[in-house]
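For reference, the structure is listed below as structure tokens.
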Amino acid sequence: MTFQKLYSGLRRKNHKNYALLMLCDFISVLLITSYAVVICSPTILNMLPEGGDSRKQLYMIFALAVIGCAAFTLYAAGLFFRFKSREMGTFLALGAPKSLLRKALYQELALISVLSCAAGAVCGVPLALGIWQLFRIVLIDTADMVFHISANAFLYSAAFSAFVILALFVMAAQFIRRTNIIDIVNEQRKSEPVRCIPRWCGWAGILLSVFGGVAGYFAPNVSIRTFHYYPGAWIYMFYLPLLAGIYMILLHTVVNGWRGGKGYYKNIITHSMMKFQGRQTVNNMLVMTLLLAGAYFASFYTPTMMMSQILATNALHFDNLLHWQADQDAPTREEIFAMAAEEGVEITDYREAECVLLGGDGELTIEEGRSWHAEYREVLDGRLFFSASAFRQLTGEAPELAPGEACTFKNFDGSEPQYGDDYGLTLVTNTITGERLPVEVTCDLQYTEFGSQALILNDADYARLAAGLPDTYKERWAGFNVANVDGSYRFSRRLYDEFLSRMGPETYHSKSWNLVAKEAREKEDGEYYIEQWEGDSFSFEKRHSVSFRLDAKYKPLSRIMERADKLQMMAVFVTVFLYIAVVCYLSVILIGYTRCKSIALNNRQVYEDLRRLGADRGYLFHSVRGQVSKVYLIPAAVGTSAIYALYSMILFSNDGRLASGEIAALLACAAILAALSAVLWACYRYTLKSVCKTLDI
């Protein structure tokens, strides 16, 4: 009998310990790989603007997943070495040299880690593709949904796999370096209790969580606006108090509990069993809390986006709205009516009006590395201006404006315009003739259609500033309603294609582009940055793509098309966030089930002793339920409340209030939380039943 045969025999006997380590490493790498495949896919990156909120949300949830999976992996490794300690101590007691044990341990760790990480990395790709294709079948399938894989995803997977392997070998080196044989032999029998902590730890954790959430969210804005400095990724360290606070809450729950008096003593057995395995329990609960927070945050994206779009569409003042440069050959009123008649649609209340593009003043942001400063420009950007009479002709209403006064617009919910705030406007310039007019914005109208594009002047000021402008600086607007909106989709779709086919290629730009800004920036900087990032995203061939439908400057606006095609337009956004939510949620369920089964196996002897002491099945079931419920329900309560509060704060901080669309989104998010909580409750009940079966209760 050689050492290798003895070592192999012990490995076969304890194969469950090896399988648990491999499973944990496999799950962690699988999750990170599948997530990386999604966030690095050109399909996703082409849809999510760089530096935008959607991409930041993706990376934030990815960071939560990395932290959670790293903690989960370290816990699994520590558990493996605890089980491994007895056999290693026995070999040391029998005189085996450490060099021999180190070699054998390193060999099997290399095999375990490489195989599990490689399997996770390989399986992560089909998992991502499988879930993505399932969403395409169940939800919606468009040309934008064709999934592409980037090689950059495997860099994330390789980096995390390297962390897992390195962590295993570092912990193995520390493990084999021990010299006290008795401690090594008894390591497996040791519990992982946590020391007594004061009862104020729980409330301190709540306060620390609130502080961390607020500080982490507002720190970048404070740095940019107050200190004129664009921070790096280090700024997100302000979120660390949030993690520390959550850990303190979980720790207090396991060690002290939130019940006092008779309730505490009634559950003394359950509480003590949880306490004496406190470290590993809290670690698992922390991982589950982080992954739940990530899953919920990802699931909030869809209802928030959809509710906002639904309310915005319902608030439109026209069933169809067109606008174009005056030098373009757009469909005439007669052609539009003829097209509607061919499609069996009755047009009502057709109106047209003209506006002009003038220069507006403002402060230009000058970046110097990570720092920035603002410089005033008399002509910063171009703004569309209606005369009061023209706007009344188009919409039926207009404010009474004195000379030098202007009126701007708010969105459907009363919030500020999405692209910039026109209240800072003080000077309007005709960039062709040089005519100028100091203005003061004195009022606003609630029109979603014009919220980010136009202002209103009185007729005399408008006539003075518009004189001498060529047609390239003028726009025509046409709005009309139809008798039966629900039956007008074919007509609106035909008008959409016909209108865009008549526009020249020089008009295919994003909403941010305008001729005045282009001339100002090219004169000062030599280039117009808007055209740099637009690329070929705006062309007639791509008129039905998501980016075009969302951001094209002269796309027709149709109420029925916005309603019918909204899910199709946002399919990529919806799918990627649903994918993240599903993967994170499945990981929570798997980790919770694994941890509860471990509790059952570790405490089997304790329950046998309680049975011999006279405990009936009801008491034993009560004890098991108390432990399993804490593993599932406490992370659910903490993760749910924390992420809902954080999300509410984010929506509130956008403009210092909760608009109607945001309130509707929060109600929809609450409904999602209720549904997902019901799923988690069902998993908890299944796990409880499985644990009771294992313990014969």
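The values are calculated or read from the model by the stated rules, or taken from the named source; none is laboratory data. All values derive from a computational prediction rather than experimental measurement. Ideal geometry is used to build each Cβ from the backbone, glycine not excepted, and the neighbour counts take in all protein chains shown.
Of the strands (runs of 3 or more DSSP E) entirely within segment 416-530, those holding at least 3 residues that are more than 19 Å from Leu316 (Cβ to Cβ) and assigned by TED's automatic domain parsing to the domain that holds Leu358 occupy 427-429, 436-438, 440-446. Scanning segment 609-628 for residues that are buried (at least 18 other Cβ atoms within 10 Å of the Cβ) and hydroxyl-bearing (Ser, Thr, Tyr) yields one hit, Ser623. The set of residues in segment 336-392 being closer than 30 Å to Ile432 by Cα, more than 40 Å from the chain's Cα centre (by Cα) and not in a strand (DSSP E or B) consists of Ala388, Ser389, Ala390, Arg392.
Taking the conditions (1) over 30 Å from Thr448 (Cβ atoms); (2) surrounded by fewer than 16 Cβ atoms within 10 Å (Cβ to Cβ) in turn, Gly639 satisfies each one other than (2). Annotation: of all residues in segment 447-474 being without any contact (Cβ under 8 Å) to a residue 60 or more places away in the chain and in contact with a Lys or Arg (Cβ under 8 Å, 6 or more places away or on another chain), the one that is nearest to Trp513 (Cα to Cα) is Ser452. Taking residues in segment 82-102 that are within 15 Å of Ala172 (Cβ to Cβ), and partners anywhere that are among the acidic types (Asp, Glu) and buried (at least 16 other Cβ atoms within 10 Å of the Cβ), the pairs with Cβ atoms closer than 7 Å and at least 6 places apart or on different chains are Arg82/Glu187; Ser85/Glu187. Of Val583, Val588, Val574, all but one fail to be more than 19 Å from Phe491 (Cβ to Cβ) and either modelled with pLDDT under 75 or in contact with a Gly (Cβ under 6 Å, 6 or more places away or on another chain) (or both); the exception is Val574.
Okay, residues lined up against (1) without any contact (Cβ under 8 Å) to a residue 60 or more places away in the chain; (2) charged (D, E, K, R):
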position	(1), (2)
Thr304	no, no
Arg351	no, yes
Leu358	no, no
Ser371	no, no
Ala374	yes, no
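Return yes or no: is Ala312 of a type in the set (Gly, Ala, Ser) and under 20 Å from Glu662 (Cβ atoms)? The answer is yes for Ala312.
Considering only segment 366-376, I want to know if a residue exists there that is in contact with a Pro (Cβ under 9 Å, 6 or more places away or on another chain), buried (at least 19 other Cβ atoms within 10 Å of the Cβ) and not assigned by TED's automatic domain parsing to the domain that holds Glu662. Before you say what the answer is, go through the steps one by one.
Kept after step one, since they are in contact with a Pro (Cβ under 9 Å, 6 or more places away or on another chain), are these residues of segment 366-376: 370.
Cutting the leftovers down to buried (at least 19 other Cβ atoms within 10 Å of the Cβ) gives us none.
No.
Out of the residues in segment 537-547 that are part of a helix (DSSP H, G or I) and surrounded by fewer than 21 Cβ atoms within 10 Å (Cβ to Cβ), which is modelled with the lowest pLDDT?
Here is the first cut: in segment 537-547, the ones part of a helix (DSSP H, G or I) are 540-542, 546-547.
Going one step further and asking which of them are surrounded by fewer than 21 Cβ atoms within 10 Å (Cβ to Cβ), we end up with 540-542, 547.
On the way: Phe540: 86, Glu541: 85, Lys542: 82, Ser547: 76.
Applying the filter and picking the extreme gives Ser547.
The number of residues in segment 475-501 being surrounded by fewer than 14 Cβ atoms within 10 Å (Cβ to Cβ) and either in contact (Cβ under 8 Å) with a residue 60 or more places away in the chain or touching an Asp or Glu at 6+ places or on another chain (Cβ under 8 Å) (or both) comes to 4.
Scanning segment 292-335 for residues that are assigned to a loop (DSSP other than H, G, I, E, B) and among the hydroxyl-bearing types (Ser, Thr, Tyr) returns a single hit, Thr332.
Please work out which residue is modelled with the lowest pLDDT, limiting yourself to segment 105-162 and to residues that are surrounded by 18 or more Cβ atoms within 10 Å (Cβ to Cβ), under 20 Å from Ala76 (Cα atoms) and hydrophobic (A, V, I, L, M, F, W, C). So the residue we want is Leu105. Taking residues in segment 509-531 that are closer than 22 Å to Asp327 by Cα, and partners anywhere that are of a type in the set (Phe, Trp, Tyr), the pairs with Cβ atoms closer than 6 Å and at least 6 places apart or on different chains are His509/Phe538; Lys518/Tyr528.
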